[in-house]
Amino acid sequence: MDKLKFAFYWAASCGGCEIAVLDIDEKILDVVEKADIVFWPVALDIKYKDVEAFQDKYIDVCFFNGAIRTSEHEEMAHLLRAKSKTLVAFGACACFGGIPGLANVSDRDEIFNLVYKELPSVSNPDETTPQETYSAPEGELTLPQFFDTVKALHQVCDVDYFLPGCPPTPELIEQALTAIFEGTLPPKGSTLAPEKALCEECPLEIQEKKIPFIKRPYQVIPDGKRCLLEQGIVCMGINTRAGCGARCIKANMPCRGCMGPTPEVTDQGAKLVSAIASILGVEGEERMTEKEVEALIDQIKDPLGTFYRYTLPISLLRRKVMKK
Amino acid sequence: MYEPKIIGFLCNWCSYAAADLAGTSRIQYPSNMRAIRVMCSSRIDPEHVLRAFVNGADGVLIAGCHPGDCHYISGNYKTERKYVLMRKMLEQFGIDPRRLRLEWCSSAEGGKFAQVVTEMTEELRTLGPIQLGAGD
Ligand code: SF4
Ligand code: SF4
Ligand code: FES
């Protein structure tokens, strides 16, 4: 059998997904035995123009990590889509926008001014700022355009599979690779992870679905037995897709939702508002005054940033209203 | 004059009956609200509210039974907490929280119901059409 051709690309990402590929340890040797890597900016010196020269569908599988933040990312998404038979959104940022997607509470001008002019640690008396184009004696130089809104990969091009996680776990990556090598991939559009919610694979014990207060993680030392939500820590396991092996919970941290919502959920944040508000302060609710209800809800400091931690760009509203 | 669109989620047992009473009593009030009957105010998921906004509603009214009167005993307490949290989050999204309103109207309060819709319509007129951030 001919070797498969793989490509890896990073858009707006932290680099963690690149490391995750290596976290499959010695299994990486199977990969290089069965596949050639034809493009991988972090490791191989292959230029964009080399990719442009590939025939369409030359790449068998492209693993694309990172969100779409600049025109360069968008161009690469279109290019790699055209050159790949199978395009996999790899990691939370490519699947949902991820952490970079939280920048949708701001916009291009706000971020630009903050970074180059307003931050107290910035000293820029001449207000020197980057330009998208610059005419140098040697010719015109350009930089990619920075967008107002961060997007997930499937919001700019057609995506075949989603492999979520921040980053995807070695187990899920291995399962995906096995499916690719054995030709057992599920139908196009599938997420290569379980359908159930994280609570189902969480080792902690659920006793009662009521919480009297919300605390921030640093305010509580979890007892290691009971569900974190019941101990007052906002845990998103209730509507986050399983598949990570509850790795944060096992480290005494609540789930922040990096596997994205379960298949039934469209808007993860809205569903969390519903779930958390329904179980918070149930005890004695009939005697609570409006003021007390507000004080209770005020214990949740940043609902948008908490409940849409990884999924703001794919939420119903997608971003904050821009002041234009 | 600018006519705002309001989606009204009315609980079957109290507020929908209040709207009915306002109608049969021939109380005049603006026709800006489209009513959607639900069994209990607590059936309204924040996702329904966001969907209403995304589909062009300028305001969303949730109306249910007075505290203590919910026909499912405690649904409206949950509604109230969801509403308070929702408003906080709408503000973070840059959407004026006055676009979402929660009211308790019993089946005898046709007059109150008409007044709520009138007030809300006027308030939305001053706020103008909703703007969401679709972005580039
Ligand atoms: S809410 Fe979090 S801590 Fe509780 S059972 Fe679910 S995943 Fe585990
Ligand atoms: S526990 Fe939650 S945040 Fe942590 S890895 Fe799993 S899905 Fe991601
Ligand atoms: S039945 Fe009316 S609010 Fe629950």
For the range B:33-75, report the % of Cα-Cα distances exceeding 15 Å.
46
Quick P(r) readout (the range A:23-74; Cα-Cα; 10 Å bins; whole %) gives 18, 48, 28, 5
Dipole magnitude of the protein assembly as shown about its Cα centre, charges +1 at Lys/Arg Cβ and -1 at Asp/Glu Cβ only, in debye to the nearest 20?
1260
Loop-only check: which GluC sites (Glu not before Pro) in the range A:189-268 are DSSP coil with at most 16 other Cβ within 10 angstrom?
A:GLU195, A:GLU208, A:GLU264
Sequence-distant or interchain residues sharing an amide H contact under 5 Å with A:PHE39, placed H: which?
A:PHE8
So what's the gap between the Cα centers of the range B:73-136 and the range A:56-100, to the nearest angstrom?
40
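Over all directions, how big on average is the projection of the convex hull of the alpha-carbon atoms in chain A, in square nanometres? Present the calculation step by step, with values, prior to reporting the outcome.
Working: hull surface 85.8 nm².
Here the figure is 21.4 nm², rounded to one decimal.
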Along its three principal axes, how long is the range A:51-109 when you only count alpha carbons? Whole Å, largest extent first please.
39, 22, 10
Accessible surface of A:GLU26 - all protein chains present, 1.4 Å probe, nearest 10 Å²:
120
In whole angstrom, note down how far apart the Cα centers of the range A:218-289 and the range A:138-207 are.
22
Could you check the spin-label model distance between A:ASP109 and A:LYS210? Points 7 Å from the Cα along Cα→Cβ, value in nm.
5.1
If you average 1/r over every pair of different alpha-carbon atoms in the range A:239-285 and take one over that average, what Kirkwood value in Å do you get?
12.1
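Keeping all protein chains in place and using 1.4 angstrom, which order do A:TYR310, B:TYR2 fall into by accessible surface area, from largest down?
On the way: A:TYR310 30, B:TYR2 65 Å².
Sorted by accessible area, descending: B:TYR2, A:TYR310.
Tell me, what is the percent relative contact order of the range A:65-219, built from C-alpha pairs under 8 Å that lie six or more residues apart? Walk me through the intermediate numbers first.
Working: 184 pairs, mean separation 46.2, N = 155.
Worked out over the range A:65-219, it gives 30 percent.
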How big is the accessible area of A:CYS93 in square angstrom, nearest 10, if you roll a 1.4 angstrom probe over the protein chains?
20
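Are there trypsin sites (Lys or Arg not before Pro) in the range A:195-260 that DSSP puts in a loop and that have at most 14 other Cβ atoms within 10 Å, and which ones? Write down the numbers at each step before the final one.
Values: sites: A:LYS196, A:LYS209, A:LYS210, A:LYS215, A:LYS225, A:ARG226, A:ARG241, A:ARG247, A:LYS250, A:ARG256; in loops: A:LYS196, A:LYS209, A:LYS210, A:LYS225, A:ARG247, A:ARG256.
Filter output for the range A:195-260: A:LYS196, A:LYS209, A:LYS210, A:LYS225, A:ARG247.
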Calculate, for A:HIS78 and B:ARG26, the FRET efficiency according to 1/(1 + (r/R0)^6) with r their C-beta to C-beta distance and R0 41 Å; round to the nearest 0.05.
0.10
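Would you work out the relative contact order for the range A:34-108, in percent, from Cα pairs under 8 angstrom that are 6 or more residues apart?
Working: 77 pairs, mean separation 22.9, N = 75.
Relative contact order, the range A:34-108: 30 percent.
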With r defined as the distance between the Cβ atoms of A:VAL122 and B:GLU122 and R0 fixed at 41 Å, what FRET efficiency is calculated, to the nearest 0.05?
0.35
Give me the Å³ per residue figure for the convex hull around the C-alpha atoms of the range A:107-147.
77
Over the range B:1-68 - Rg/Rh using Cα atoms and the Kirkwood inverse-distance radius
0.99
For the range A:198-314, with equal point scatterers placed on the C-alpha atoms only and solvent neglected, what are the log10 I(q)/I(0) values from the Debye formula at q = 0.18 1/Å, to two decimals?
-0.93
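Mind checking the per residue accessible area of the range A:101-171 for me, 1.4 Å probe, whole number of Å²? Walk me through the numbers on the way to the answer.
Values: 4140 Å² over 71 residues.
Accessible area per residue: 58 Å².
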Evaluate E = 1/(1 + (r/R0)^6) for A:GLN299 and A:LYS225, where r is the Cβ-Cβ distance and R0 equals 30 Å; express this FRET efficiency to the nearest 0.05.
0.85
Rounded if a/c is under 1.5, else prolate if a/b beats b/c, else oblate: with a ≥ b ≥ c from the C-alpha gyration tensor eigenvalues square-rooted, which is the range A:1-156?
prolate
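Pick out, in residue order, every one of the GluC sites (Glu not before Pro) in the range A:98-188 that is DSSP loop and has at most 16 other C-beta atoms within 10 Å; say none if there are none. Each step should come with its number before you reach the end.
Working: sites: A:GLU110, A:GLU118, A:GLU127, A:GLU132, A:GLU138, A:GLU140, A:GLU171, A:GLU174, A:GLU182; in loops: A:GLU127, A:GLU132, A:GLU138.
Of the GluC sites (Glu not before Pro), the ones in loops of the range A:98-188 whose Cβ has at most 16 other Cβ atoms within 10 Å are A:GLU127, A:GLU132, A:GLU138.
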Once you put a point 7 Å from the Cα of A:ASP158 and another 7 Å from the Cα of B:ARG37, both along the Cβ direction, what distance in nm separates them?
4.5
Could you work out the relative contact order of chain B, using alpha carbon pairs under 8 angstrom and six or more residues apart, expressed as a whole percent?
37
Could you list, bin by bin from short to long, the percent of Cα-Cα pairs of the range B:6-127 in 10 Å steps?
15, 48, 33, 5, 0
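The values are calculated or read from the model by the stated rules, or taken from the named source; none is laboratory data. Fair warning: this is a prediction, and the values are worked out from it, not measured in the lab. Cβ atoms come from the backbone with ideal geometry, glycine included; neighbour counts cover every protein chain shown. Heavy atoms of the whole protein, side chains included, go into the accessibility calculation; ligands, DNA and RNA do not. Shrake-Rupley method; radii C 1.70, N 1.55, O 1.52, S 1.80 Å.
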